[in-house]
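This report refers to the structure that appears directly beneath it.
The values are calculated or read from the model by the stated rules, or taken from the named source; none is laboratory data. Just so it is clear, the model here is predicted, and its values are computed rather than measured. Please note: Cβ atoms are built from the backbone with ideal geometry, for glycine as well, and neighbour counts cover all protein chains shown.
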Amino acid sequence: MIPFIRHTGKAAAFIRENIDTDLIIPKQFLTTILRSGLGRHLFHDLRYREDGSEDPAFVLNREPGRSATLLLGGANFGCGSSREHAPWALMDFGFRAVLAPSFADIFRTNAFKNGLLPAVVEPEALEALAAAPGAITVDLEALTLAQDGRTYPFACEPWGRSALLEGLDEIEATLRRLPAIEAFEARRRTESAWL
Amino acid sequence: MKTLYDKLWESHVVEELGDGTALLYIDRHLVHEVTSPQAFEGLRMAGRAVRRPGAALAVADHNVPTRQRASGIAGIQDPTSRLQVETLEANMAACPIPYIPLLDPRQGIVHIIGPEQGFTLPGSTVVCGDSHTSTHGAFGALAFGIGTSEVEHVLATQTLVQKRARNFRIRVDGALPRGTGAKDLILRIIGDIGMAGGTGFALEFAGEAVRGLGMEGRMTLCNMAIEAGARTGLVAPDATTFAYLAGRPMAPSGALWEEALRAWRALPSDPGAAFDREHRVDVSRLEPQVTWGTSPEQVAAITDRAPRPEEAATEEKGRRAESALAYMGIRPGQALQELAVDVVFIGSCTNGRLSDLREAAQVLRGRRAAPGVQVLVVPGSGLVKAQAEAEGLDRVFREAGCEWREPGCSMCLAMNDDRLLPGQRCASTSNRNFEGRQGRLGRTHLVSPAMAAAAAVRGRLADVREFL
């Protein structure tokens with residue numbers, strides 16, 4: 001996983017509560033066996049009209065949304081289906097972080113695993129960030145967002161934060177604990193043999 | 001004094017990792033075609049093996065056709081869908097993970113076949129790359145949905161790094177009135193606590209009304225815990241649980257069964273165990289529920305009217321109601337029973353089990369679906385289908401003008417060709433009424449199987465109590 005330490009980029013504001021993963025990436029794109037290539041389907045039903053043309057009213061179809069690397073979203077971002085295609089699509093589009101007042105649990109975990117930062121930001125700060133035109137610098141070490149000389153704090157789960165800062169390969173890290181897993185399995189074989 | 005969740009968590013900790021997280025051992029892993037291909041690809045790229053293939057069970061369900069199954073995978077029309085199911089089959093053969101092929105009589109939705117096969121057991125941890133894995137919590141198992149990276153992590157290590165959830169008990173008092181069931185109850189609970197009300201919590205459903213539910217009703221309840229934001233729903237195992245499991249193909253037997261029973265009986269929350277949050281519901285006056293909006297929390301009694309956004313409790317709620325009503329094509333204050341339906345969907349991991357089909361058939365027996373209404377009945381598994389046919393339910397459905405299909409997820413998420421056309425209104429026994437969930441611009445009303453059947457007959461959303 002690519003580490004996330006500090007990032008500066010433009011923001012796209014789509015602040016609406018309960019942005020679910022069906023909306024982020026509709027089911028017809030889940031038949032893929034790849035992780036890549038989902039960016040062009042991100043927010044498909046909002047981004048494209050019935051005839052397949054872009055809807056110019058949608059934030060990702062105009063600047064700065066088109067070249068944004070930060071997405072400002074509403075509370076309970078990423079609720080619903082566990083599809084990891086949601087963070088894959090966001091990252092494939094170019095997003096490195098989602099800034100929102102709260103996240104659904106499964107989406108947040110999926111984001112961390114892919115190097116996409118789910119940053120928890122107070123609604124007032126989010127509104128201020130959306131209203132100002134400047135690029136935003138996200139500093140995961142300092143847990144701050146800086147824009148046009150103003151600074152706002154954000155929160156991030158400690159375990160996810162360290163994984164992002166290190167660019168941790170979690171499977172590799174767990175495999176280093178194999179003796180503990182084997183000991184657990186040996187104990188379970190006698191204590192709960194039916195499992 | 002511990003809760004059921006505490007006991008499940010603590011008995012699976014391999015190692016504490018700090019920051020409120022632990023390495024948790026995973027006993028059971030359900031695998032399906034949509035969320036697993038990238039995980040197997042990841043293992044191959046890293047040269048890693050599947051650590052315990054026997055702890056997994058795989059089946060294709062999300063993406064499979066519910067018609068013209070005879071030619072199996074080769075009969076899947078969409079080439080990318082076909083490739084995905086073929087990829088699952090190839091990955092399973094290489095591991096090898098126990099796999100139920102498309103044409104096997106046991107094929108069905110992961111969350112239906114896990115319990116049906118006795119794969120899901122009390123006191124175990126169950127994961128699957130699907131958010132409705134919470135279903136298995138009905139057995140007193142710690143069950144939760146995961147993403148594909150976590151699927152890969154479980155395959156490689158048989159563990160997951162997890163953050164401990166907080167305890168939330170939902171006490172349900174009273175007896176469910178005629179015409180209501182587990183689906184109405186869970187919709188009401190989500191309406192009460194909101195779709196993020198359970199975020200960060202494990203929800204334990206307790207109380208007299210929950211004890212009174214059979215296993216299938218308990219599964220419906222836990223299935224939709226995720227629609228309240230909770231990855232995990234739980235019901236304490238009891239005599240009902242054990243009676244359901246006894247004799248299932250993958251459940252323990254003989255001396256091992258007795259040993260397991262002793263352990264399972266110690267699982268329920270201790271009297272006086274502390275919960276971080278508690279919510280009480282009295283169901284004695286519960287009415288059949290129906291969602292009117294685009295989130296499961298936007299729910300009302302069938303005798304109600306759609307809300308008026310300006311009367312909402314908060315400005316944000318009013319804005320959301322306004323946009324939901326516009327999407328749904330409903331006027332503020334409109335009586336819900338005025339809404340004409342185009343499609344009725346009976347099935348899914350929420351309501352695709354035998355008792356659900358019996359409930360729908362009871363309403364449809366001797367009646368006919370209203371002209372112009374398409375009714376899809378999709379059993380949750382091949383075994384459910386066979387049992388239903390043995391009871392003659394398929395005949396009841398066919399005589400009522402319904403389509404009797406092959407098992408799969410079908411129109412719950414509309415990944416196959418069972419989907420709504422723009423503007424079509426559907427009474428659905430599934431779990432999500434999100435915008436576009438059942439097809440672009442489709443309009444979904446979540447209801448119980450009995451209510452779906454009533455809507456089919458009336459051609460509008462209807463109060464099932466008038467049909468009983």
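Here A:Glu185 meets the list (1) acidic (Asp, Glu); (2) within 8 Å of chain B (Cβ to nearest Cβ); (3) farther than 15 Å from B:Val13 by Cβ almost entirely, failing just condition (3).
The condition of being surrounded by fewer than 21 Cβ atoms within 10 Å (Cβ to Cβ) and of a type in the set (Gly, Ala, Ser) holds for only one of B:Ala313, B:Ala360, B:Ala306, that being B:Ala313. Filter segment B:162-177 down to the residues that are assigned to a strand (DSSP E or B) and surrounded by fewer than 18 Cβ atoms within 10 Å (Cβ to Cβ), then identify the one that is nearest to the chain's Cα centre (by Cα). Selected residue: B:Arg171. Out of the residues in segment B:321-355 that are among the hydroxyl-bearing types (Ser, Thr, Tyr), touching a strand residue (DSSP E or B) at 6+ places or on another chain (Cβ under 9 Å) and under 21 Å from B:Arg440 (Cβ atoms), state the one that is surrounded by the most Cβ atoms within 10 Å (Cβ to Cβ). Restricting to residues being among the hydroxyl-bearing types (Ser, Thr, Tyr), touching a strand residue (DSSP E or B) at 6+ places or on another chain (Cβ under 9 Å) and under 21 Å from B:Arg440 (Cβ atoms), the top hit is B:Ser348.
Return yes when B:Ala225 is more than 14 Å from chain A (Cβ to nearest Cβ) and either in a loop (DSSP other than H, G, I, E, B) or not aromatic (Phe, Trp, Tyr) (or both) and no when it is not. Here the answer is no, as B:Ala225 does not meet what is asked. Screening segment B:42-72 for residues that are more than 11 Å from chain A (Cβ to nearest Cβ) and among the basic types (Lys, Arg) and picking the one that is farthest from the chain's Cα centre (by Cα) gives B:Arg44. Summed over segment B:257-293, the residues that are exposed (fewer than 13 other Cβ atoms within 10 Å of the Cβ), in a loop (DSSP other than H, G, I, E, B) and away from chain A (no Cβ under 14 Å) give a count of 4.
Taking the stated definitions as given, is B:Ala22 at pLDDT below 95 and over 22 Å from A:Trp194 (Cβ atoms)? So B:Ala22 fails the test.
Output the residues belonging to segment A:1-34 that are part of a loop (DSSP other than H, G, I, E, B), surrounded by 21 or more Cβ atoms within 10 Å (Cβ to Cβ) and of a type outside the set (A, V, I, L, M). Scanning segment A:1-34 gives A:Phe4, A:Asn18, A:Pro26, A:Thr31. Considering only residues in segment A:165-182 that are more than 8 Å from every other protein chain (Cβ to nearest Cβ) and of a type in the set (Gly, Ala, Ser), the one that is nearest to A:Phe112 (Cα to Cα) turns out to be A:Gly167.
The number of residues in segment A:13-27 that are facing chain B (nearest Cβ under 7 Å) and either out of contact with any Cys (no Cβ under 9 Å at 6 or more places or on another chain) or acidic (Asp, Glu) (or both) comes to 6. Filtered by the rule that a residue be in contact (Cβ under 8 Å) with a residue 40 or more places away in the chain, within 22 Å of B:Arg69 (Cα to Cα) and assigned to a loop (DSSP other than H, G, I, E, B), segment B:362-400 gives B:Val378, B:Pro379, B:Gly380. Exactly one residue out of B:Thr148, B:Thr133 is within 11 Å of chain A (Cβ to nearest Cβ), more than 29 Å from B:Met451 (Cβ to Cβ) and touching a helix residue (DSSP H, G or I) at 6+ places or on another chain (Cβ under 8 Å), and it is B:Thr148.
When segment B:92-123 is filtered for residues that are of a type in the set (Gly, Ala, Ser) and more than 29 Å from A:Asp20 (Cβ to Cβ), the ones remaining, listed by number, are B:Ala93, B:Ala94, B:Gly118, B:Gly123. The residue list B:Leu203, B:Leu185 contains one member that is in contact with a Ser or Thr (Cβ under 9 Å, 6 or more places away or on another chain), away from chain A (no Cβ under 14 Å), aliphatic (A, V, I, L, M) and crowded, with 24+ Cβ neighbours inside 10 Å, which is B:Leu185.
Where helices (runs of 4 or more DSSP H) fall wholly inside segment A:61-150, the ranges with 1 or more residues that are away from chain B (no Cβ under 11 Å) and under 20 Å from A:Phe4 (Cβ atoms) are A:85-93, A:123-131. Counting only residues that are surrounded by 14 or more Cβ atoms within 10 Å (Cβ to Cβ) and within 12 Å of A:Ile15 (Cα to Cα), segment A:129-143 holds 2 of them. If you go through segment B:334-358 and keep only what is over 15 Å from B:Ala386 (Cα atoms), over 17 Å from the mean Cα position of the chain (by Cα) and in a helix (DSSP H, G or I), you end up with B:Leu336, B:Gln337, B:Glu338. Of all residues being buried (at least 20 other Cβ atoms within 10 Å of the Cβ) and in contact with a helix residue (DSSP H, G or I) (Cβ under 6 Å, 6 or more places away or on another chain) in segment B:44-58, which is nearest to B:Leu103 (Cα to Cα)? Just the residue, please. Of everything passing the filter in segment B:44-58, B:Ala58 is nearest to B:Leu103 (Cα to Cα).
Of the numbered criteria (1) buried (at least 18 other Cβ atoms within 10 Å of the Cβ); (2) within 29 Å of B:Gly137 (Cα to Cα), the one B:Ile73 fails is (2).
Checked against (1) within 14 Å of chain A (Cβ to nearest Cβ); (2) touching a His at 6+ places or on another chain (Cβ under 9 Å), B:Ala246 passes all but a single condition, namely (2).
Residue by residue, here is whether (1) in contact with a strand residue (DSSP E or B) (Cβ under 7 Å, 6 or more places away or on another chain); (2) buried (at least 24 other Cβ atoms within 10 Å of the Cβ) holds:
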| residue | (1), (2) |
| --- | --- |
| A:Asp45 | no, no |
| A:Asp55 | yes, no |
| A:Gly73 | yes, yes |
| A:Phe77 | yes, yes |
| A:Trp88 | no, yes |
| A:Asp92 | no, no |
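Comparison of B:Thr120, B:Thr66 shows that the only residue that is closer than 27 Å to A:Phe184 by Cβ and outside any strand (DSSP E or B) is B:Thr120. Applying the condition of being under 20 Å from B:Gly352 (Cβ atoms) and touching a Ser or Thr at 6+ places or on another chain (Cβ under 8 Å) to segment B:82-109 and asking which residue is surrounded by the most Cβ atoms within 10 Å (Cβ to Cβ) yields B:Ile109. The condition (being closer than 19 Å to B:Ser149 by Cα, among the polar types (S, T, N, Q) and at pLDDT 95 or above) is satisfied by just one residue among A:Ser102, A:Ser36: A:Ser36.
With the condition kept exactly as written, say whether any residue in segment B:193-209 is assigned to a strand (DSSP E or B), modelled with pLDDT of 95 or more and more than 30 Å from A:Cys156 (Cβ to Cβ).
Checked segment B:193-209: at least one residue is assigned to a strand (DSSP E or B), modelled with pLDDT of 95 or more and more than 30 Å from A:Cys156 (Cβ to Cβ).
I'd like the full set of residues that are part of a loop (DSSP other than H, G, I, E, B) and within 14 Å of another protein chain (Cβ to nearest Cβ), limited to segment B:73-112.
B:Ile76, B:Gln77, B:Asp78
Quick one: in segment A:28-39, which of the residues that are of a type outside the set (A, V, I, L, M, F, W, C) and without any contact (Cβ under 8 Å) to a residue 24 or more places away in the chain is farthest from the other protein chains (Cβ to nearest Cβ)? The qualifying residue farthest from the other protein chains (Cβ to nearest Cβ) is A:Gln28. Pairing each residue of segment B:175-199 that is in contact (Cβ under 8 Å) with a residue 40 or more places away in the chain with any residue that is basic (Lys, Arg), provided the two are 6+ apart or on different chains, yields C-beta distances under 6 Å for B:Gly179/B:Arg465.
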